[in-house]
Amino acid sequence: MFQILFCNNSGIVRLLYYIKLSLNLIRFLVPIGLIIMISLDLYKNMINSYDTKENIIKKSSNRVISAIIVFCIPTFVSLLIALISKTGVSTSYNVDFATCFQEANLQLVKELEKQELSKLEEEKEAERIKNLALVAKSQAKIQALIEENKKNNSTTGSYTSTTTDLNKQNNVYIENGTFYIPKYKSWDKNTFSGKNCPNNALNEGYNNKYGYNNYFWDMLSGLIKAAQDAGYNLKPSTQGCRSYKTQYTFYYDTYKKQPGRAARPGKSLHGFGIASDLTFYKNSSTKCGNSRTRSNCPGMAWVHDHAKDFGLEFPLNTSTASYREDWHIQPIKIERY
């Protein structure tokens with residue numbers, strides 16, 4: 001029964017069952033309808049005596065002929081199905097449309113749905129096993145990147161701890177994995193962030209075209225690479241070093257009606273090139289929307305869980321933040337001098 005090609009699909013079998021049911025209803029309802037209609041004609045004529053005997057016989061005959069034609073429709077359909085089954089469709093699948101039509105019933109539909117559900121579960125399990133293998137493979141790559149990053153963070157990287165670095169990367173220098181930025185003084189513009197962003201980063205000693213601090217970029221790009229190995233896309237802001245003028249606009253104009261939305265001009269870590277606003281993806285190509293959560297944006301969840309492995313954190317992704325931001329990332333170790 002289940003080897004018949006047409007009967008291997010629950011949807012087709014259900015359709016055939018309803019067709020059969022409709023044809024059987026025609027066989028059942030047509031005679032009853034005919035009897036009722038002729039009886040009504042006779043009753044009306046008996047009450048009103050408005051028709052002749054010949055007209056009554058003619059009208060009844062027409063009703064009988066129409067009923068016979070309609071009644072024969074199921075028979076014609078059965079004959080047509082029998083002819084279709086004899087047209088020589090590939091016999092390698094034991095195709096017998098007529099047999100399938102005859103055996104179509106709700107029990108067969110339920111059995112097929114059960115088989116299809118079982119097959120779907122098997123496919124899901126196979127896909128799950130495949131994904132586990134891919135995850136294990138990507139985790140090995142991620143772990144290697146994490147270990148490499150930990151090793152790099154234990155040194156001064158491409159920087160030295162001497163003050164000669166102070167003017168190289170917007171008044172930021174690195175020592176033993178800690179980012180040292182100047183302590184803000186309202187009367188001293190040299191302590192303001194965003195005052196020394198590069199005009200052409202690649203020509204001014206930066207290892208990225210956006211103007212991010214070199215050491216921060218190494219950490220961030222390591223996280224981005226690890227996310228890609230895990231199957232997620234992740235893009236940093238193209239504004240690697242935010243100028244004082246831009247921050248001023250953000251603070252006083254764009255976010256004027258949202259207190260806490262932006263740092264005061266001169267205080268933003270973006271102006272030192274050691275913070276980024278990330279764009280998250282559900283996978284390698286689909287962006288997460290504004291109403292993203294850990295469940296509907298697995299790429300964001302992965303980045304939040306692994307940022308610490310690269311010396312990074314999301315300090316504004318808490319209920320206590322002045323304005324909650326799940327996209328703002330920065331180094332864990334930051335000190336002011």
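Details
- Leu220 satisfies every condition listed in (1) closer than 30 Å to Asp309 by Cβ; (2) in a helix (DSSP H, G or I); (3) modelled with pLDDT under 90 except (3).
- Hey, Trp217 surrounded by fewer than 17 Cβ atoms within 10 Å (Cβ to Cβ) and aromatic (Phe, Trp, Tyr) or not: no
- When Thr246 is tested against (1) in contact (Cβ under 8 Å) with a residue 12 or more places away in the chain; (2) in a loop (DSSP other than H, G, I, E, B); (3) hydroxyl-bearing (Ser, Thr, Tyr), just one condition goes unmet, and that condition is (2).
- Test: residue in the range 129-151 that is modelled with pLDDT of 70 or more, of a type in the set (D, E, K, R) and not in a helix (DSSP H, G or I): no
- Search result, residues across the range 290-326 that are in contact with an Asp or Glu (Cβ under 7 Å, 6 or more places away or on another chain), surrounded by 17 or more Cβ atoms within 10 Å (Cβ to Cβ) and part of a loop (DSSP other than H, G, I, E, B): Phe314, Leu316
- The requirement of being in contact with an Asp or Glu (Cβ under 7 Å, 6 or more places away or on another chain) and modelled with pLDDT of 90 or more is fulfilled nowhere in the range 190-210; no residue meets it.
- Filtering the range 190-201 to residues that are surrounded by fewer than 18 Cβ atoms within 10 Å (Cβ to Cβ) and in contact (Cβ under 8 Å) with a residue 40 or more places away in the chain leaves only Lys195.
- Verdict on Arg264 being more than 18 Å from Thr238 (Cα to Cα), surrounded by fewer than 17 Cβ atoms within 10 Å (Cβ to Cβ) and within 15 Å of the chain's Cα centre (by Cα): no
- Within the set Lys183, Lys209, Lys225, Lys195, the sole residue that is of a type in the set (Lys, Arg) and part of a helix (DSSP H, G or I) turns out to be Lys225.
The values are calculated or read from the model by the stated rules, or taken from the named source; none is laboratory data. These numbers were taken from a predicted model, which means no experiment stands behind them. Positions of Cβ are generated from backbone atoms using ideal geometry, with glycine treated the same way; all protein chains shown enter the neighbour counts.
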